[in-house]
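The block underneath contains the structure these notes are about, expressed in structure tokens.
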Amino acid sequence: MIKRIIALILCTVPLLLSLGCASGGIPYEKKTFFAMNTLMDITIYGTDKELSEKLFTLCHDEITRQENLFSISIDGSDISKINKSSGNAVTVSKETANLIEKSKSLSKETDGAFDITVYPLVKLWGFYGANFSVPDEKEIRKTLPFIGYENIKLINSEITLNKNMGLDLGAIAKGYLGDALKEILIENGALSAIISLGGNITLVGEKHGGKPWSVAVRSPFSESEFICTLSVSGNKSVVTSGGYERFFEKDGKTYHHIIDTKTGEPALSDLASVTIIGEDGAVCDALSTALFVMGKEKALAFLKNRKELSYVLVTSGGDTIMSEDIS
């Protein structure tokens, strides 16, 4: 029997921030949306209700627009058309092409630890629609030839994949969306806001009084405990990935959703969670997944060359490793 287990608690929770603002009497408006298979909260501080409603409408429109571009399951989306192309060339929007190109660059930089061609493997393991299954080695071996970012052929806005390949932007799309929503809020008059997209937090402006935001990083081992509280300046993203986010059990063994495209199986990482903090939410999103797949030693070696990023790594043994700027 397969036992389905879904972790619904957010990976990063701005709990201290939200409570502090509310108790301090600062006016705020909050809206919750459901898109990209997750709950999304947008909280805007210090604006009147009329402006907040305008901002929420603009954000909702952008969420819907991007979901209609990047969703796997929406017929007619760019990604859906690519995945149904059967090896034929598909013309997509310039925006989709740019995000795929950015994804390819990040895949090369991480030696494939982040790879949007993971779609056939995620499908094989049943993580779409929660139809979980544990494939045998033969099925995995048959699927691996259809994996590999190097096989994405992209010329301007025309993309061609080999037959039986497919794309999944799930490890970068929410980070990209957070960046877009941040720009919309700033350009339309928001001075202070929190964008929470599942495990992705994007902060707009500064906390009331010009102070940094406080973002609590949840323990990967307990829904009620926190590893640390980060002090984060505005206009940055905080993104956490971990095997505890989405998983299932079969015959007493746990299988999580972060697939190592080299083995075709859930990544055997010595990390329990990876939190990345930086100005580019899409990069933070992709790298939080990639570094989890890499494991501690390779992740730390990679981060030495990315000084613009802060991080919190939690090992499977319970140790916490932070970048010097937040330790």
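Every read-out reported here was derived from the displayed coordinates using simple, explicitly stated rules and does not represent laboratory data. Keep in mind it's a predicted model, so treat the numbers as computed, not measured. Please note: Cβ atoms are built from the backbone with ideal geometry, for glycine as well, and neighbour counts cover all protein chains shown.
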I need 177, 185 ordered by Cβ neighbour count within 10 Å, fewest first. 185, 177
Enumerate the calculated ³J(HN,Hα) couplings along the stretch 48-60 in order (Karplus 6.51 cos²θ - 1.76 cosθ + 1.60, θ = phi - 60°), each rounded to whole Hz, writing x wherever the residue is Gly or Pro. 6, 5, 4, 5, 4, 5, 4, 5, 4, 5, 4, 5, 4
Give the shape of the stretch 190-256 as rounded, prolate or oblate, defined through the alpha-carbon gyration tensor: a ≥ b ≥ c are the square roots of its eigenvalues, a/c under 1.5 means rounded, and otherwise the shape is prolate if a/b is larger than b/c and oblate if not. prolate
Over the stretch 204-252, what relative contact order in percent results from Cα pairs under 8 Å that are six or more residues apart? 34
One quarter of the convex hull surface, Cα atoms only: what value does that give for the chain in nm²? 16.5
Least to most buried among 230, 291, by other C-beta atoms within 10 Å and fewest first, runs 230, 291
Counting Lys +1, Arg +1, Asp -1, Glu -1, what net charge surrounds residue 319 among other residues with beta carbon under 11 Å of its beta carbon? 0
Classify the stretch 128-286: rounded, prolate or oblate, from the alpha-carbon gyration tensor (a ≥ b ≥ c, eigenvalue square roots; a/c under 1.5 rounded; otherwise prolate if a/b is larger than b/c)? oblate
Go through the stretch 34-106 and name the GluC sites (Glu not before Pro) that are in a DSSP coil and have 16 or fewer other Cβ atoms within 10 Å of their Cβ. none
Suppose a student asked you for the relative contact order of the chain, using Cα pairs under 8 Å spaced at least 6 residues apart; what percent would you report? 20
Cα gyration tensor shape of the stretch 45-96, rounded if a/c is under 1.5, else prolate or oblate by comparing a/b with b/c: prolate
So, in the stretch 203-327, how many Lys pairs have Cα atoms under 22 Å apart, if the pair is 8 or more places apart or on different chains? 10
Which GluC sites (Glu not before Pro) in the stretch 203-255 sit in a loop by DSSP (not H, G, I, E or B) and have at most 12 other Cβ atoms within 10 Å of their own Cβ? 223, 225
Which residues' amide hydrogens lie under 5 Å from the amide hydrogen of residue 235, considering only partners 5 or more residues apart or on another chain, with H built in the peptide plane? 203, 204, 205
Just to confirm the filter: which chymotrypsin sites (Phe, Trp or Tyr not before Pro) across the stretch 176-255 are DSSP coil and have at most 16 other Cβ within 10 angstrom of their Cβ? 221
Quick one: 263, 43, fewest Cβ neighbours within 10 Å first, how do they rank? 263, 43
At what distance in angstrom do the alpha carbon centres of the stretch 260-327 and the stretch 87-133 lie from each other? 20
Spherically averaged projected area in nm², based on the convex hull that wraps the Cα atoms of the stretch 214-327: 7.5
